[in-house]
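The values are calculated or read from the model by the stated rules, or taken from the named source; none is laboratory data. Note that this is a predicted model, so its numbers are computed, not measured. A quick note on method: Cβ atoms are made from the backbone with ideal geometry, for glycine too, and the neighbour counts reach across all protein chains shown. In case anyone asks, the SASA skips ligands and DNA or RNA and just uses the protein heavy atoms, side chains included. Shrake-Rupley method; radii C 1.70, N 1.55, O 1.52, S 1.80 Å.
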Amino acid sequence: MARTGHSKFIMVIGEWIRKGSEDFPKQNTIAILDGVRAFACLLVIWYHIYQTPRNLHIWDPQSSTHPLLDSFLYFGKYGVTLFFVLSGFLLFMPYAKALLFEKTWPSVRQFYLRRVFRIIPAYYLSLILIVLLFQQQYLQPQHWNELALFFTFLMDSSYATFKQLNPPFWTLAIEWQYYMLLPLLALGIRLLVWRVKQEHRLPTTVACLLAVIAWGLLSRYFGLYYMQHPSETFLVPRSILNGILFLTYNVSGKYLEDFSVGMLLSLCFVYAQHPSISQKVRATLQKLSPWLWGVGLLCLLTMMLWNYNQKYVNTWPLFSNPILFEHYYLLGELCFSLSFGLCILALLFGPTRLKRPFEWFPLRWLGMISFSLYMWHLPLLLVFIQGGQPLLGAWPHLLAYSACWLWVLVVIIPFCFLFFILVERPGMKFAERFNRHKAHPATPAAAPSPTLLANDSPGGNKVCRQPKATTRANTA
C-alpha cells in the first residue's frame with residue numbers, strides 16, 4: 001500500500017509539472033540547449049554552495065585539501081559565461097538567417113516587447129521581494145540611488161551595487177544591455193553584408209563578428225587601465241571619458257566577446273542547416289563532433305586550473321607564469337567562451353548518444369525555470385546556510401554540501417517552479433498575445449509564431465522563428 005501511494009504521489013507530481021510546463025517546449029525546440037541552459041544554472045548554484053560557506057567564514061576560505069576538486073567547484077561561476085554564449089547564439093539566429101539568405105528582417109518592436117515582458121515582470125517582482133524580505137536597508141533614503149540602478153539595469157555600473165543586494169543580478173544588467181544593443185548591432189552588420197555578393201556574405205559576417213570580439217577585448221583592456229588610473233585620460237576630458245567608460249565598461253566590462261562567440265556559433269549552425277548548403281558540410285561537422293567535444297572539454301579543464309590558480313596562487317604552478325597570470329583578466333572570458341562554444345558545436349552536430357543527456361526531460365525542465373532559479377537560488381540558499389551555520393560548520397564538507405543540495409531540491413526548485421507558473425509564463429503569454437493583436441489583420445500569415453522555444457539566458461528568453469521571406473532579405 002505504501003509503495004502504491006508513493007507511486008501515485010510521484011505520478012501526481014509529474015503530471016503537475018508537465019501541466020505547469022504546457023507549451024514549453026514546443027516543436028522546433030533545440031532540445032539540447034534547454035539542457036545546456038540547465039547545466040549552466042547548476043554550475044552557478046554549485047559555485048555558490050561551494051563558495052558561500054567560505055565567504056561567511058563557516059569554513060576556512062583557504063582550505064584546499066583536494067585542489068582538483070576545488071578547482072572544479074570554483075569553476076562553477078563560469079556558468080554565467082555559458083549563459084552569455086547561449087544568449088548570443090539564440091538571439092542572433094534570426095539575424096544570421098536574414099544576413100546570409102536575405103530572409104525577412106526580424107521585427108525590432110517584437111524583439112523588444114518579448115524582452116520586456118519576459119524579463120521585467122519577474123525581475124522587478126524578485127527585486128522588490130528580496131529587498132522587503134532580506135535587504136531592507138535599501139528602503140532607507142541613503143540607498144535609494146543604489147536601488148535606482150537596480151531598477152534601471154545599471155547595477156554593474158558602480159562598485160556600490162556590483163554583486164550587491166543579490167549578487168546574481170549583475171549579470172542581468174549585462175544581458176539587458178546586450179538585448180538593447182543587439183538589433184542595432186545586427187543592423188550595422190547588415191549595412192555591410194547586404195552590399196556584397198551572396199558567396200561573400202558568410203566571410204563578411206564572420207569578419208564583423210570578429211571585430212565585435214576585438215571591440216570587447218579592447219574595451220576590457222582600456223576600461224581596466226583607465227579605471228585603475230583615475231587621473232589619466234585620452235583625447236577627451238576625464239569627465240567625458242568617465243561617461244564613455246560608464247557606457248562601455250563599468251566595473252567588469254560588457255562581455256561582448258562571450259556574446260560574439262555565441263553569435264559565431266549561430267552563424268555556423270544556420271549556414272550548415274540551410275537546404276542550399278551541401279550535405280557534405282553537415283556530414284563533416286558530424287564527423288568532427290567527437291573531436292570538438294574532446295578538445296572543448298580539455299580546454300575547459302585547462303581554463304578551470306588557470307582560473308583557480310588566479311585565486312589561490314601556485315596551486316597549479318604552470319599557471320603562475322607572469323605572462324599567464326597577468327593576462328588572465330583580458331583573455332580568460334574569451335578562452336572560456338571558446339571552450340564552451342566547441343562543446344555546444346559538438347552537441348549541435350553530434351550523435352544521439354552525445355545529445356541524449358542534455359535532452360533528458362528533467363534537465364530541460366530545469367532549463368525552463370532557469371531564470372527564476374538563477375535569481376532566487378542564492379537568497380534562499382543563504383537562509384539555509386546562515387540558519388544552519390553551527391551544524392554546517394561542524395559537519396564534514398561532503399555532508400554539508402549534500403544538505404545544501406537537498407535544500408535546493410526540496411525548497412528552492414519547487415519555489416522557482418511556482419514563480420515561473422505565476423509570474424514568468426503569464427508575462428511570456430501576454431507578449432505573444434500582444435504581438436498577435438498588433439499583427440496586420442490582412443496578412444495573418446506574417447505574424448511570427450512562438451516556435452523554437454529555446455531559452456537563451458538566465459532570463460530564459462525565447463527565440464521565435466520569423467516568417468518566411470517574400471522577396472527580401474531575417475532574436476526574438
**Request:** Output the residues belonging to the stretch 136-174 that are farther than 19 Å from Leu245 by Cα, more than 17 Å from the chain's Cα centre (by Cα) and among the aromatic types (Phe, Trp, Tyr).
**Result:** Tyr138, Trp144, Phe151
**Prompt:** What's the number of the condition Tyr249 fails, among (1) more than 23 Å from the chain's Cα centre (by Cα); (2) of a type outside the set (A, V, I, L, M, F, W, C); (3) buried (at least 17 other Cβ atoms within 10 Å of the Cβ)?
**Reply:** (1)
**Asked** farther than 23 Å from Ile45 by Cα and either of a type in the set (Asp, Glu) or under 17 Å from the mean Cα position of the chain (by Cα) (or both): does that describe Tyr178?
**Response** yes
**Prompt:** Which residues, counting only those in the stretch 199-222, are of a type in the set (S, T, N, Q) and over 19 Å from Tyr328 (Cβ atoms)?
**Reply:** Thr204, Thr205
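If you check Pro61 against the conditions, is it part of a helix (DSSP H, G or I), at pLDDT 55 or above and open to solvent by less than 90 Å² (accessible area, probe 1.4 Å)?
Criteria not met by Pro61.
Return the residues of the stretch 323-348 that are in a helix (DSSP H, G or I), closer than 20 Å to Leu217 by Cβ and not aliphatic (A, V, I, L, M); say none if nothing qualifies. Don't jump to the end; show me each part of the working.
Keep residues of the stretch 323-348 that are in a helix (DSSP H, G or I), which gives 323-326, 328-348.
Checking which are closer than 20 Å to Leu217 by Cβ leaves us with 323-326, 328-342.
The answer is Phe325, Glu326, Tyr328, Tyr329, Gly332, Glu333, Cys335, Phe336, Ser337, Ser339, Phe340, Gly341.
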**Message:** Need the failing condition index for Ser239 against (1) part of a helix (DSSP H, G or I); (2) among the small types (Gly, Ala, Ser); (3) under 22 Å from Phe89 (Cα atoms), just the number.
**Reply:** (3)
**Prompt:** Of the residues that make up the stretch 58-75, is at least one more than 18 Å from Ile344 (Cβ to Cβ) and among the β-branched types (Val, Ile, Thr)?
**Reply:** yes
**Request:** Please list, ordered by first then second residue, the pairs with beta carbon atoms under 9 Å, 6 or more apart or interchain, first in the stretch 155-166 and small (Gly, Ala, Ser), second modelled with pLDDT under 90 and open to solvent by less than 30 Å² (accessible area, probe 1.4 Å).
**Result:** Ser157/Asn250; Ser157/Val251; Ser158/Asn250; Ser158/Val251
**Message:** Could you check the stretch 275-307 and list, in sequence order, the residues that are in contact with a helix residue (DSSP H, G or I) (Cβ under 9 Å, 6 or more places away or on another chain), open to solvent by less than 40 Å² (accessible area, probe 1.4 Å) and more than 17 Å from Ser337 (Cα to Cα)?
**Reply:** Ile277, Arg282, Leu285, Ser289
**Request:** List the helices (runs of 4 or more DSSP H) that sit entirely inside the stretch 393-459 and contain at least 3 residues that are under 30 Å from Asp60 (Cα atoms) and modelled with pLDDT of 90 or more.
**Result:** 397-407
**Prompt:** Has the stretch 263-277 got at least one residue that is within 30 Å of Ser158 (Cα to Cα), at pLDDT 95 or above and hydrophobic (A, V, I, L, M, F, W, C)?
**Reply:** yes
**Request:** Might you let me know whether the stretch 66-86 holds any residue that is more than 24 Å from the chain's Cα centre (by Cα) and not in a helix (DSSP H, G or I)?
**Result:** yes
**Prompt:** Looking at (1) crowded, with 21+ Cβ neighbours inside 10 Å; (2) touching an Asp or Glu at 6+ places or on another chain (Cβ under 6 Å), which is the only condition Ala160 fails?
**Reply:** (1)
**Fill in**
Of (1) open to solvent by 10 Å² or more (accessible area, probe 1.4 Å); (2) modelled with pLDDT of 95 or more; (3) of a type in the set (Ser, Thr, Tyr), Thr205 fails just (1)
**Asked** So is Val236 open to solvent by less than 70 Å² (accessible area, probe 1.4 Å), more than 19 Å from Trp215 (Cα to Cα) and aliphatic (A, V, I, L, M) or not?
**Response** yes
